[in-house]
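Undergrad: Have a look at this one.
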Amino acid sequence: MQGPPDISRRHLLGGLALVGAAATGCAIPVGLGSSQTRVKFWHFLSASDGIIMNQMVGAFAKDTPDVFVEENVLQWGEPFYTKIAMAGAGGRSPDLASFHLARLAGIGAGAILDPINVELLEENGLRATDFSPPIWERAHLDGVLYAIPFDAHPMVQYYNTDICGKAGLLGSDGKLLPTQGVEELVAQLTKAKEAMGGKPPLALDALGLGTVGPWRVWWSLYPQSGGTLLSDDGTNITIDDAKALEALRFMRRLGQEGLCDWRTDYGASVANFTNSQSAFLWNGDWETIGLKERKTPFSMTRFPNVFGTGAAQADCHAFVLPHQRDRDPEVERATYRFIAYLIKNSADWAVAGHVPAYLPTLEQPDYLALQPQSEYRSVITEVALDPQVWFAGSASRLWIEFGEAFSFVISGQRTPEEGLAAAKASLNRLLSAPNPFPAQER
């Protein structure tokens with residue numbers, strides 16, 4: 001069996017020392033006192049993501065010596081968005097920031113974020129037609145573009161090539177044989193379970209305080225049959241009970257039949273797969289580099305088609321312009337040059353596992369040579385994105401409360417009906433809570 005490929009086509013892991021300096025939250029003092037145009041860039045990217053971004057910033061510096069990007073790495077999650085909100089409200093923000101696209105509706109676009117200058121995008125060779133249509137559409141609020149998509153990081157299926165080979169689940173090309181529908185997937189998992197001596201073959205983030213894994217699994221399965229959560233204006237619940245329960249019953253079946261280990265939290269699920277204690281891992285695409293470093297025999301493919309399509313839960317990294325009272329035209333042009341450089345070189349970024357939102361990258365030889373990262377690229381037009389509401393997005397209350405409601409369904413401590421009722425109750429509470437960024441303040 002062929003082992004996993006090299007971690008990076010450009011040895012992007014060589015920048016550990018530099019990213020360590022950036023991770024302190026202070027910019028590396030390059031270019032001070034020079035005539036360079038300075039672009040202040042805040043981001044939350046750490047671990048392998050942070051290493052690769054730091055390398056890309058360095059590559060831009062070599063290619064564009066008249067611009068210096070001051071890179072500041074801040075804490076991921078709520079602390080980052082709080083800092084962006086405070087800086088934007090005061091009009092004294094960085095020139096550019098990373099962002100999760102699902103957070104766009106909840107950050108006060110127009111008050112906290114400035115609109116994207118489409119003319120400057122086009123001046124730097126970026127057009128709307130270059131991007132995944134559903135992701136590009138989601139980067140707008142009320143018809144105004146507020147974010148520039150960089151990637152999608154979808155739910156994917158990791159598989160252990162040794163175990164799956166032993167179970168007869170690989171084709172002649174060494175890749176996992178695809179399944180369609182519930183019974184084909186159950187049969188595949190059952191064969192893997194038999195090959196493992198009866199151990200649960202599937203690892204996922206199913207249990208634990210603040211778990212979001214059950215939400216991410218359900219929000220992959222339920223949209224496959226066309227299910228929705230809220231109306232387009234985000235004010236009314238539109239859950240189709242029959243479709244929602246179909247997904248939840250399947251999730252419960254996985255736990256009841258010993259096809260997944262419902263006792264694992266995020267860390268344990270990754271550890272089980274890393275150590276070949278499970279044949280499959282359902283997770284986001286960002287574990288790729290870690291698994292390669294630890295020499296796990298694995299590959300990756302799209303999340304299984306269980307209910308009719310290949311939809312998979314995803315969020316997206318994007319770039320935004322936090323609000324400034326007076327944006328310097330020279331700095332603004334330099335900022336767009338930097339954004340265009342990152343997006344056009346997103347094959348480098350894809351080393352971490354993410355799927356570039358910039359469609360031309362998906363056909364570039366450098367990207368196609370990335371294995372297994374390029375194996376699931378077709379999901380880019382079938383991503384199941386969060387509804388555009390203020391309480392959605394990475395690590396949001398929506399994810400956590402739905403995760404808790406559905407975690408007990410997988411374990412068998414709640415019926416699917418009870419789990420759905422708990423999720424709906426949470427959704428009603430969130431809908432009735434005040435929006436911290438009401439429309440009239442935008």
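The values are calculated or read from the model by the stated rules, or taken from the named source; none is laboratory data. If you're wondering where the values come from, they're calculated on a predicted model, not measured in any experiment. Glycine also receives a Cβ, built like all others from the backbone with ideal geometry; neighbour counts cover every protein chain displayed. Calculation scope for accessible area: heavy atoms of the full protein, side chains included, ligands and nucleic acids excluded. Shrake-Rupley method; radii C 1.70, N 1.55, O 1.52, S 1.80 Å.
Undergrad: If residue 225 passes every condition in (1) of a type in the set (S, T, N, Q); (2) under 22 Å from the mean Cα position of the chain (by Cα); (3) open to solvent by less than 20 Å² (accessible area, probe 1.4 Å); (4) modelled with pLDDT of 95 or more but one, which one does it miss?
TA: The failed condition is (3).
Undergrad: Residue 320 - would you say it is buried (at least 24 other Cβ atoms within 10 Å of the Cβ) and either of a type in the set (A, V, I, L, M) or touching a helix residue (DSSP H, G or I) at 6+ places or on another chain (Cβ under 6 Å) (or both)?
TA: Against the criterion (buried (at least 24 other Cβ atoms within 10 Å of the Cβ) and either of a type in the set (A, V, I, L, M) or touching a helix residue (DSSP H, G or I) at 6+ places or on another chain (Cβ under 6 Å) (or both)), residue 320 qualifies.
Undergrad: So, in the stretch 107-135, how many residues would count as being over 30 Å from residue 77 (Cα atoms) and not in a loop (DSSP other than H, G, I, E, B)?
TA: Matching residues across the stretch 107-135 total 4.
Undergrad: Six or more apart or on different chains, Cβ atoms under 7 Å: show the pairs whose first residue is in the stretch 237-261 and β-branched (Val, Ile, Thr) and whose second is open to solvent by 20 Å² or more (accessible area, probe 1.4 Å) and part of a helix (DSSP H, G or I).
TA: Taking only residues 6 or more apart or on different chains, the pairs are 237/424; 239/424.
Undergrad: Only one of 301, 309 is surrounded by fewer than 22 Cβ atoms within 10 Å (Cβ to Cβ), hydroxyl-bearing (Ser, Thr, Tyr) and part of a loop (DSSP other than H, G, I, E, B). Can you tell me which? Please lay out each step first, then the result.
TA: Working: 301 fails: part of a loop (DSSP other than H, G, I, E, B).
Only one candidate passes the filter, namely 309.
Undergrad: Go through the stretch 378-411 residue by residue and tally those that are within 21 Å of residue 149 (Cα to Cα) and either assigned to a helix (DSSP H, G or I) or free of Cβ contacts under 8 Å to residues at least 40 places away in the same chain (or both). Full working, then the answer.
TA: From the stretch 378-411, those within 21 Å of residue 149 (Cα to Cα) are 378-396; that's our starting set.
Remaining after also requiring either assigned to a helix (DSSP H, G or I) or free of Cβ contacts under 8 Å to residues at least 40 places away in the same chain (or both): 378-381.
Counting residues in the stretch 378-411 that are within 21 Å of residue 149 (Cα to Cα) and either assigned to a helix (DSSP H, G or I) or free of Cβ contacts under 8 Å to residues at least 40 places away in the same chain (or both) gives 4.
Undergrad: Next up: Filter the stretch 327-354 down to the residues that are open to solvent by 10 Å² or more (accessible area, probe 1.4 Å) and either among the aliphatic types (A, V, I, L, M) or without any contact (Cβ under 8 Å) to a residue 24 or more places away in the chain (or both) and list them by number.
TA: 328, 329, 331
Undergrad: Same structure, new question: Which is crowded, with 24+ Cβ neighbours inside 10 Å and within 18 Å of the chain's Cα centre (by Cα), of 395, 423, 357, 405?
TA: After applying the criteria, what remains is 357.
Undergrad: Out of the residues in the stretch 360-377 that are in contact (Cβ under 8 Å) with a residue 24 or more places away in the chain and touching a strand residue (DSSP E or B) at 6+ places or on another chain (Cβ under 7 Å), state the one that is most open to solvent (accessible area, probe 1.4 Å).
TA: In this case the residue turns out to be 375.
Undergrad: Say whether the condition of being part of a helix (DSSP H, G or I), modelled with pLDDT under 95 and open to solvent by 20 Å² or more (accessible area, probe 1.4 Å) is met by at least one residue in the stretch 52-67.
TA: no
Undergrad: Among the listed residues 420, 370, 362, which satisfies the condition of being in a loop (DSSP other than H, G, I, E, B) and modelled with pLDDT of 95 or more?
TA: On the way: 420 fails: in a loop (DSSP other than H, G, I, E, B); 362 fails: in a loop (DSSP other than H, G, I, E, B).
Only one candidate qualifies: 370.
Undergrad: Restricting the first residue to the stretch 202-217 and requiring it to be under 17 Å from residue 397 (Cβ atoms), which pairs with a second residue that is open to solvent by less than 10 Å² (accessible area, probe 1.4 Å) and in a strand (DSSP E or B) meet a Cβ separation below 7 Å and a spacing of at least six or different chains?
TA: 213/204; 216/155; 216/313
Undergrad: Between 254, 245, which is among the hydrophobic types (A, V, I, L, M, F, W, C), open to solvent by less than 60 Å² (accessible area, probe 1.4 Å), farther than 29 Å from residue 390 by Cβ and at pLDDT 95 or above? Step through it out loud before you land on a result.
TA: On the way: 245 fails: farther than 29 Å from residue 390 by Cβ.
It is 254.
Undergrad: Let me ask something else about it. Could you say whether any residue in the stretch 78-98 is open to solvent by 40 Å² or more (accessible area, probe 1.4 Å), in a strand (DSSP E or B), closer than 28 Å to residue 388 by Cα and not small (Gly, Ala, Ser)?
TA: Scanning the stretch 78-98, I find at least one residue that is open to solvent by 40 Å² or more (accessible area, probe 1.4 Å), in a strand (DSSP E or B), closer than 28 Å to residue 388 by Cα and not small (Gly, Ala, Ser), so the answer is yes.
Undergrad: Can you name every residue in the stretch 111-148 that is in contact with a His (Cβ under 8 Å, 6 or more places away or on another chain) and either more than 21 Å from residue 396 (Cα to Cα) or surrounded by fewer than 23 Cβ atoms within 10 Å (Cβ to Cβ) (or both)? Step through it out loud before you land on a result.
TA: Kept after step one, since they are in contact with a His (Cβ under 8 Å, 6 or more places away or on another chain), are these residues of the stretch 111-148: 111-114, 146.
Correct list: 111, 114.
Undergrad: Of the numbered conditions (1) among the hydroxyl-bearing types (Ser, Thr, Tyr); (2) farther than 15 Å from residue 207 by Cβ; (3) surrounded by fewer than 20 Cβ atoms within 10 Å (Cβ to Cβ), residue 266 fails exactly one; give the number of that condition.
TA: So residue 266 meets the others, but not (2).
Undergrad: Quick test of your reading of the structure: residue 431 fulfils all but one of (1) within 30 Å of residue 49 (Cβ to Cβ); (2) at pLDDT 95 or above. Name the failing condition by number.
TA: Status for residue 431: all satisfied but (1).
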